[in-house]
Structures are given as C-alpha cells and as structure tokens.
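Before any comments, here is the structure.
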Amino acid sequence: MDGAELVAAGIDLGATGCRVVIVSAGVVVAKRTAPTKELGAGTPGERVARLAALLTNLVPRGSRLARVGVGASGPVELPLGIIHNPDTLPWFSGFDLATMLRAELGVPVVIDNDAVTAAFGEYHYGAGRGFRRLLVVTLGTGIGVAFLLDGRPFRDRDGQHPECGHLPLQPGGDRCYCGLTGCWETIASRISLEARVEHVLGTRDLAGAERLLRDGAHPALEAALADYGRSVGRGVEVLNVSYSPERIVICGGASPLLPYFAEGLEAELLRAPGFGSKMEVVSSALGDMAGAVGASVLAENEYPVSERLAQNLG
Ligand SMILES: [Zn+2]
C-alpha cells in the first residue's frame, strides 16, 4: 500500500444520472456515469455496496482512494449528510449514506448539496478560479445557488446553502411546490427554458435549439431565449444586490445556451450611473462534470464541524 498515489473520488448523485470522477493531483484520471435508478435497486446496504464498487473499480492501478465527496440533489441534512429527497432521489434518501459508505470503503466520506459541490468545482478547477466572491447558479430541474467567500460556502443557520431558487420574483405567478408563488425557479429553471423552446419549436430539445441559434435567422426562437434571459436576470440582479459577487458562473443544463440568453439577462442588470458594482456572468467551464469534480474536494474543505462530522472525517 505504501507508495501508492492517493486519489479522491467525487460523486454527483442526480435524479437521473450518477456521475463519478477520480481526481489525482487536480486532474480527472477516470470518470463514469451510471443510471441512479439502477444503483438504487435492493436494500440501502446493497445500494451502498453498488456505489462503493463503482468507485473502487474506477481507481487506477497503483493508486489508493483517500477520500470521497458526494454532491446530492435535494435537501441534505448537515452536518450528518443525510439526503432528504424522496421525490427525485428516493433510493439514497433517509438513511446514513455517509457512514455506510465510509464503512464500506474505509475512507472519509462527506455529503453536501449539489449546488455547493458545483460551486467548489468551478472555484477550484473551472470558471470561478481566483474569484474571492463567487456565486454559482445552477439552472437545472430547479435553481441551485451557492455563494463562496474565499472558497468557503455561505450557509444559513441550519448549515444550508441559500435557497434562492425560491425567491418569489413574479407577483401572481404559479404556485411553487415550496408553497410560495412566482418562485424564481418556476420561471427560470432549465425546465422553464425547455417549455419556452417547445412553445416555438414543438420540441424540448435544447441541443437542437442551440444548433438553430448558432446558425442564426430564427427570430421567434431568439425572442424566446431573450425572454428567458430576462427571467434569469431578475434573480441574478437580486443576488448581485444581496451578495455583491465578483463573478457569477452559470451551471446546469441551460448553461450552454447562455450566449443566446445573455442579452436578455444583461438587460435586467442595467443600473443608473453610480449604482451597482462591476460583476460578470459567465458559463460553467466544467459543464455537467462540475458537481462531481467539486465533490472530490469536498472532504478537504472547510465545513461546519460537529462531533459527528469530525468523527466521520477520521
Ligand atoms: Zn418555491
């Protein structure tokens, strides 16, 4: 075992897919994606064993796994790291995944929300490198937001990341599952973008929409993207006023289309002279790997430590 190169594993546990990366000295040396539902068959013990096998099979020969980080969609109870997402992640919710995975692998395991792990990914390896005040906004099924100050995530009194997807921005808007109306994520998530694209093209295929936009000359689609950009921009400006970030990185499935909705977004950020601070909005550099790559540095990072977590970190 001595002399083996130590590597970290990052897991992005999403509702559909589970992405795993092995990182050695800041470089991704192996990666794999597996359907989360398939990993979730059987008892919790069987699910954990399957996840552990997925990791260990990816570790290159001559290397040794030193730690594991997991970014999970949905509420994560901190500092225990128990996922509470029965709606979209039922297979890994409601039991002590971190402790069971640690017992299976014999290395420290830390779990956090996927908004936080995506932010760590962009801060350490992506479009957020070198920015002391960094906001990462994930436009996915919902909207996840994490604010890093000198690389450390801002947390609320329960240890959670800011729940900014539920900023109630649209008066009289649709009722959100959270109970409020007009939440930002009801008008600006990737799902909302897909609905706008479907309205114009009759399909929710964002990659196809991107090709059409790249070729130009599709005014109705361009108008739909501009409208989406304004909805994204409303929330981005609230975050800008609240956190005064130096940079905002847009992650998630809508991120590749930022060049086509940036104009609408930026229109919402225009301020009178003397108001507002210099801030830029850019696309993710890591794409759909941000969460997994960020999870690989989770166990190394500053974290609200309780006796239980300290024990888990070994
Ligand atoms: Zn809501």
Whether any residue in region 200-220 is within 20 Å of the chain's Cα centre (by Cα), within 16 Å of the ligand (Cβ to nearest atom) and not assigned by TED's automatic domain parsing to the domain that holds THR16 is what I want to check.
no
With the structure loaded, tell me whether ALA4 is in contact with a Lys or Arg (Cβ under 9 Å, 6 or more places away or on another chain) and over 21 Å from GLY253 (Cβ atoms) or whether it fails that test.
yes
Which is within 16 Å of the ligand (Cβ to nearest atom), surrounded by 15 or more Cβ atoms within 10 Å (Cβ to Cβ), outside any helix (DSSP H, G or I) and free of Cβ contacts under 8 Å to residues at least 60 places away in the same chain, of GLY173, GLY179?
GLY173
Can you pull out the residues in region 237-257 that are touching a helix residue (DSSP H, G or I) at 6+ places or on another chain (Cβ under 8 Å) and over 14 Å from ALA146 (Cβ atoms)?
VAL238, GLY253, ALA254, SER255, PRO256, LEU257
Boolean, GLY144 is more than 14 Å from the ligand (Cβ to nearest atom) and of a type in the set (Gly, Ala, Ser)
no
Can you pull out every residue in region 109-124 that is among the hydrophobic types (A, V, I, L, M, F, W, C) and either at pLDDT 95 or above or in a helix (DSSP H, G or I) (or both)?
ALA115, VAL116, ALA118, ALA119, PHE120
Could you check region 182-199 and list, in sequence order, the residues that are part of a helix (DSSP H, G or I), of a type outside the set (A, V, I, L, M) and within 16 Å of the ligand (Cβ to nearest atom)?
TRP184, GLU185, THR186, ARG190, SER192
Look through VAL241, VAL232 and report the one residue that is within 29 Å of ASN85 (Cα to Cα) and more than 14 Å from the ligand (Cβ to nearest atom).
VAL232
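One line per residue, one yes/no per condition, for (1) out of contact with any Ser or Thr (no Cβ under 9 Å at 6 or more places or on another chain); (2) on the phi > 0 side of the Ramachandran plot:
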| position | (1), (2) |
| --- | --- |
| LEU201 | yes, no |
| ARG234 | yes, no |
| SER244 | no, yes |
| SER255 | no, no |
Hey, can you tell me all the residues within region 3-34 that are in contact with an Asp or Glu (Cβ under 9 Å, 6 or more places away or on another chain), aliphatic (A, V, I, L, M) and at pLDDT below 90?
ALA15, ALA25
With the checklist (1) more than 16 Å from the ligand (Cβ to nearest atom); (2) in contact (Cβ under 8 Å) with a residue 40 or more places away in the chain; (3) not in a helix (DSSP H, G or I) in hand, flag the one item HIS161 doesn't pass.
(1)
Go through (1) modelled with pLDDT of 90 or more; (2) of a type outside the set (A, V, I, L, M, F, W, C); (3) within 16 Å of the ligand (Cβ to nearest atom) for ASP156 and report which single condition fails.
(1)
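The values are calculated or read from the model by the stated rules, or taken from the named source; none is laboratory data. Being a predicted model, the structure only gives us computed values, none of them experimental. For neighbour counting, all protein chains shown are included, and Cβ atoms are generated from backbone atoms with ideal geometry for every residue, glycine included.
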